[in-house]
Structure formats: C-alpha cells, structure tokens
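Undergrad: Have a look at this one before I ask anything.
The values are calculated or read from the model by the stated rules, or taken from the named source; none is laboratory data. All figures in this text were calculated on a predicted structure; none of them were measured in a lab. Cβ placement follows ideal geometry from the backbone for every residue including glycine, while neighbour counts extend to all protein chains displayed.
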Amino acid sequence: MVESTVQALRRISLFADLSDDALIRIARVARSQTYVPGEVITIRGEPCRAAYFIAEGQVRVYRLSPGGREQVLVQLGPGQAFNMVPLFKPHGANHATVEALTPVTLYAITCKDLHRLVGECPELALALLRDFASRLDHLTNLVEDLSLRTVRGRLARFLLEHGETNAITRRWTQEEIAAHLGTVRDMVGRTLRAFADAGLVRMDRQRIVLLDREGLEAEAQR
Amino acid sequence: MEGWALPEINLQQCNQCGACVEQCPTGAVEMGPEGPFIARPSDCTYCALCETLCPQGAITCPYEIVWGTDGP
C-alpha cells in the first residue's frame, strides 16, 4: 500500500526529487481522495485542514467577487499542489475555492502531518519553498496583468498563450475567458469582435482563429 | 454537418423557462418534452446569445482557440 503510494507521489513534481525515505514518510500520512467534475474540494474562508497534491485530473482555483463574479486564479493539473499557503499560517483559512474540472484523484496531507514532515525532512522543506517561489511568480504576473493591462491587452495575451496548432486540448466559453481575465463576458465578446474587425482573429463558428501574431503581440503590450 | 458545433444544453440545469426558444434570432431552438433542443441545426449561427441569456447557465458555446495561416 505504502509502496504504491510512493510510486504515485513520485509522479507529483513537488516530490519528484525527494529521497525514498522522505517519500515513504509522506506516503504513510497521505490519503487518496477522488472527486467528480464540478465537485468542490475546498471552499474559500473555511479553516484549512489539509494540503492537496493532484495525481490525476484538472482543477480550477478561483475566488468570487461580492457580486458573484469569478476570478480564476489558476488552473492546476497532475503533479501540482494547492492549499499550501494557509497551511503554514496560524489558524489559516482556505485562500480560494477549488473545484474539480475533470475526474480528479489527489492526495491530502493534514496540516499537522505536513508540519511534522517539514521538521523531519529538510529536503521536503526546500521543495515546498521552490513551489512557493513559483506561485509568487505567477501571482505577481497576474497582479501586473490586472493592474497594468487593458482588457484588450489581457485578451490578446490570453489568446497567444492558449492558441493551439495540433490537437485541441480544451475549449473555452466566453464566460470562462472573462473569468480568467478578471472581466465580464460582454467585454470579451466586444473585444473579440474588435479584434475580428481589425483582422487579428476570425470568428469561425466554434473556433477563434488567430490570424496575426505580430498584431496580437502588439495588443498584448497595451 | 459532421463537426458542426452546436450550443451545448445541460438539461439537468435547465428550468425550461423558454428564454432560449423565444429569443434565438434564427428560431433554431425548440422546446421538447425533456427541455430545449436545437431543432434546426443548420439555422444555428453559434452567435452564443442563448448562452448569454440563459438564467440557469445551462447553455454553453465553447470555442477552440487555434492558429490560422500565420502560425504560432
């Protein structure tokens, strides 16, 4: 049982470089949990009880504005972790709501167990610090986007980041795009039409076809 | 019609208010015994108005984001 958990934990990037000894310690306390699409895993503001490490599936991490509008902070997949920050604060509460987008299997480690493990395994503490550094990077970029770029700029950057060439890995509703950009659906629709009028994209039924990379990159600087 | 995308209607979320049927600009949507459905797929222009006006959030019009001739 512990051996199979060790194998699964090794596939989680945060744990990939840890020694067998550290992984066995983690495997002894990690609890496997499964969720169906749409199921809420953590709710913002509730007491933080555990950190979660995704083995399979995709989740989205979001907050709701007082008006009920979603701001997606990040989408996470296999090998990634969430609910780590409040875990290290006294009486920490969940920072965001996390919902399964697909069938999800994850490992939960309680606050108490993780605190003990960090004390016992310096290599785990270092791995967690690397993860925190990466999260800080992401959030800094998000703050920059929200405060310094216009919706046109944010949408152009979003399209450049998510434009696909071969297999389609996912489809986006305008509502979902709006949530990622920190705006509302109507703004996304209007801006897409403006981009189409400018020849940057073509709305081809269920496809947003990106036509002008340089033009979109120029918009992304706005 | 193969590969012809249509709005996706989640009948479990739908409360059969009929807004999509009444306001579809091309009259492509009809109400059936189970709920609304795209009765005339060739008339649907994928304008996504039904997604906007559905009060239950039961209709979605997802898009693929793909590169055209200019490449990535």
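Undergrad: Just to be sure I understand the filter: pairs with C-beta atoms under 8 Å, separated by 6 or more residues or on different chains, first member in segment B:53-72 and over 17 Å from B:PRO7 (Cα atoms) and more than 8 Å from chain A (Cβ to nearest Cβ), second member at pLDDT below 75 and in a loop (DSSP other than H, G, I, E, B). Which pairs pass?
TA: From segment B:53-72, no pairs qualify.
Undergrad: Would you tally the residues in segment B:8-19 being under 8 Å from the mean Cα position of the chain (by Cα) and within 11 Å of chain A (Cβ to nearest Cβ)?
TA: 1
Undergrad: State which residue is farthest from A:LEU192 (Cα to Cα) when the search covers only segment A:123-172 and only residues that are at pLDDT below 85, of a type in the set (A, V, I, L, M, F, W, C) and outside any helix (DSSP H, G or I).
TA: A:ALA167
Undergrad: Looking at segment A:193-222, which of the residues that are in a helix (DSSP H, G or I), surrounded by 14 or more Cβ atoms within 10 Å (Cβ to Cβ) and within 11 Å of chain B (Cβ to nearest Cβ) is nearest to the chain's Cα centre (by Cα)?
TA: Checking each candidate, the answer is A:LEU216.
Undergrad: Looking only at residues in segment A:45-62 that are of a type in the set (D, E, K, R) and surrounded by 15 or more Cβ atoms within 10 Å (Cβ to Cβ), which one is nearest to A:VAL143 (Cα to Cα)?
TA: If we take residues in segment A:45-62 being of a type in the set (D, E, K, R) and surrounded by 15 or more Cβ atoms within 10 Å (Cβ to Cβ), then A:ARG60 is nearest to A:VAL143 (Cα to Cα).
Undergrad: Take the conditions among the acidic types (Asp, Glu), within 24 Å of the chain's Cα centre (by Cα) and within 9 Å of chain B (Cβ to nearest Cβ) and apply them to A:GLU144. Does it pass?
TA: So A:GLU144 does not fit the description; no.
Undergrad: Applying the selection to segment B:20-36, what residues are surrounded by fewer than 17 Cβ atoms within 10 Å (Cβ to Cβ) and either within 14 Å of chain A (Cβ to nearest Cβ) or more than 29 Å from A:LEU211 (Cα to Cα) (or both)?
TA: Within segment B:20-36, B:GLU22, B:GLN23, B:THR26, B:GLY27, B:GLU30, B:MET31, B:GLY32, B:PRO33, B:GLU34 meet the criteria.
Undergrad: So which of A:ARG10, A:ARG25 ends up being of a type outside the set (Asp, Glu), under 23 Å from A:ARG130 (Cα atoms), touching a helix residue (DSSP H, G or I) at 6+ places or on another chain (Cβ under 7 Å) and touching a residue at least 60 places away in the same chain (Cβ under 8 Å)?
TA: Of the residues listed, the single one that is of a type outside the set (Asp, Glu), under 23 Å from A:ARG130 (Cα atoms), touching a helix residue (DSSP H, G or I) at 6+ places or on another chain (Cβ under 7 Å) and touching a residue at least 60 places away in the same chain (Cβ under 8 Å) is A:ARG25.
Undergrad: Spot the failing condition for A:HIS95; the list is (1) loosely packed, with under 13 Cβ neighbours inside 10 Å; (2) under 16 Å from the mean Cα position of the chain (by Cα); (3) over 25 Å from A:GLU161 (Cα atoms), and only one is missed.
TA: Of (1) loosely packed, with under 13 Cβ neighbours inside 10 Å; (2) under 16 Å from the mean Cα position of the chain (by Cα); (3) over 25 Å from A:GLU161 (Cα atoms), only one is false for A:HIS95: (1).
Undergrad: Related question: Just a yes or no: is a residue in segment A:68-81 in the same structural domain as A:SER134 (by TED's automatic domain parsing), free of Cβ contacts under 8 Å to residues at least 24 places away in the same chain and surrounded by 15 or more Cβ atoms within 10 Å (Cβ to Cβ)?
TA: Taking every residue of segment A:68-81 in turn, at least one turns out to be in the same structural domain as A:SER134 (by TED's automatic domain parsing), free of Cβ contacts under 8 Å to residues at least 24 places away in the same chain and surrounded by 15 or more Cβ atoms within 10 Å (Cβ to Cβ).
Undergrad: Can you run down the residue pairs with Cβ atoms below 8 Å, 6 or more apart or on separate chains, where the first is in segment A:167-181 and within 10 Å of chain B (Cβ to nearest Cβ) and the partner is of a type in the set (A, V, I, L, M)?
TA: Pairs found: A:ILE168/B:VAL66; A:TRP172/B:ILE65; A:GLN174/A:VAL188; A:GLN174/A:LEU192; A:GLN174/B:ALA48; A:GLU176/A:VAL72; A:ILE177/A:LEU155; A:ILE177/A:VAL188.
Undergrad: Considering every residue within segment A:154-163, establish whether at least one is under 24 Å from the mean Cα position of the chain (by Cα) and more than 13 Å from chain B (Cβ to nearest Cβ).
TA: yes
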